[in-house]
Amino acid sequence: MIGSLENAGRVLREHAGKKMLLTVHVNPDGDALGSLAAMGRIAESLGCEIRICMASRVPDYLDWLPLPWPIYRDPSELGDWAPDLLIVLDCGDAARPGPEIQALIASERPGMTTLNIDHHLGNPAFATHNWVESNRAATAEMVGILAEYLGLSLAGELGRAVYLGITSDTGNFSFSNTSPEVFALASRITQAGLRVADFTQEA
């Protein structure tokens, strides 16, 4: 493990009410977009001004997932809007979000902090702050745990986004990475109100 849940939570609390830019890897899958959507809900709860930067479009099979924040393809499109915190989700290295975002990560722009949250083995800890747990089934699992650590409920869109991520990366709880912790998290999401049958029909 690199970094900690506690430090990630501290970084988010320190940036409450500030400008937050979220990004994921190119050609995003369910875990990347679930993590992204869930982190957006966390940022909303902290009163942050949110932007998303993704080099790739949302795939058609995931276009039902709400991402109700401005989305840009390239950081240059942000204009004068400068993030205080850049969160990189589900990226095994700094190149995974694409060259433009990689350049932003490497720029060490004054006033900008970077936070890397990921579950891939071999992540080189490329950000200012890193929380990497390769034993986790999905980055969305980590984001869900982070939400709970910050005192947030897993009800509604936040829980649904986390559930998308963990079902995507566990093959609907059929892969070898399906742990007791993943089942417990899914149980807490359903206890918070997620209807699995409705989710499965929509997804």
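The values are calculated or read from the model by the stated rules, or taken from the named source; none is laboratory data. What you see is a predicted model; the values in this text were computed from it and never measured. No Cβ is skipped: glycine too gets one built from the backbone with ideal geometry, and neighbour counts run over all protein chains shown. The area values use the complete protein model at the heavy-atom level, side chains included, leaving out ligands, DNA and RNA. Shrake-Rupley method; radii C 1.70, N 1.55, O 1.52, S 1.80 Å.
Here are the numbers for the structure shown:
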| item | result |
| --- | --- |
| Anisotropy class of segment 137-203 from Cα gyration tensor, a/c 1.5 cut | oblate |
| Cα gyration tensor shape for segment 1-56, rounded if a/c is under 1.5, else prolate or oblate | oblate |
| The chain - accessible surface per residue (Å², probe 1.4 Å) | 42 |
| Accessible-area value, Thr114, 1.4 Å probe, nucleic acids and ligands omitted, Å² | 10 |
| Candidate residues Met1, Met142: accessible-area rank, largest first, probe 1.4 Å | Met1, Met142 |
| Cut-off 18 Å, label 7 Å out along Cα→Cβ of Ala82, residues of segment 119-154 by amide N | 128 |
| Phi to ³J(HN,Hα) by Karplus 6.51 cos²θ - 1.76 cosθ + 1.60 over segment 181-186, Hz, x for Gly, Pro | 5, 5, 4, 5, 5, 4 |
| Carbon and sulfur %, accessible surface of segment 1-121 computed with the full protein complex present, 1.4 Å | 49 |
| Nearest-ten-degree value, helix 139-149 long axis tilted from longest Cα axis of the chain | 90 |
| Stokes-Einstein D for segment 5-121, Kirkwood Rh over Cα pairs, 37 °C, 0.692 mPa s (µm²/s) | 231 |
| Accessible surface of segment 131-178 [probe 1.4 Å, protein heavy atoms]: carbon and sulfur percent | 45 |
| Stretch gain in nm, segment Arg109-Ser187, where the contour uses 0.36 nm per residue and the Cα spacing is subtracted | 24.0 nm |
| Radius of gyration, Dmax [the chain; alpha carbons; angstrom] | 15.5, 47 |
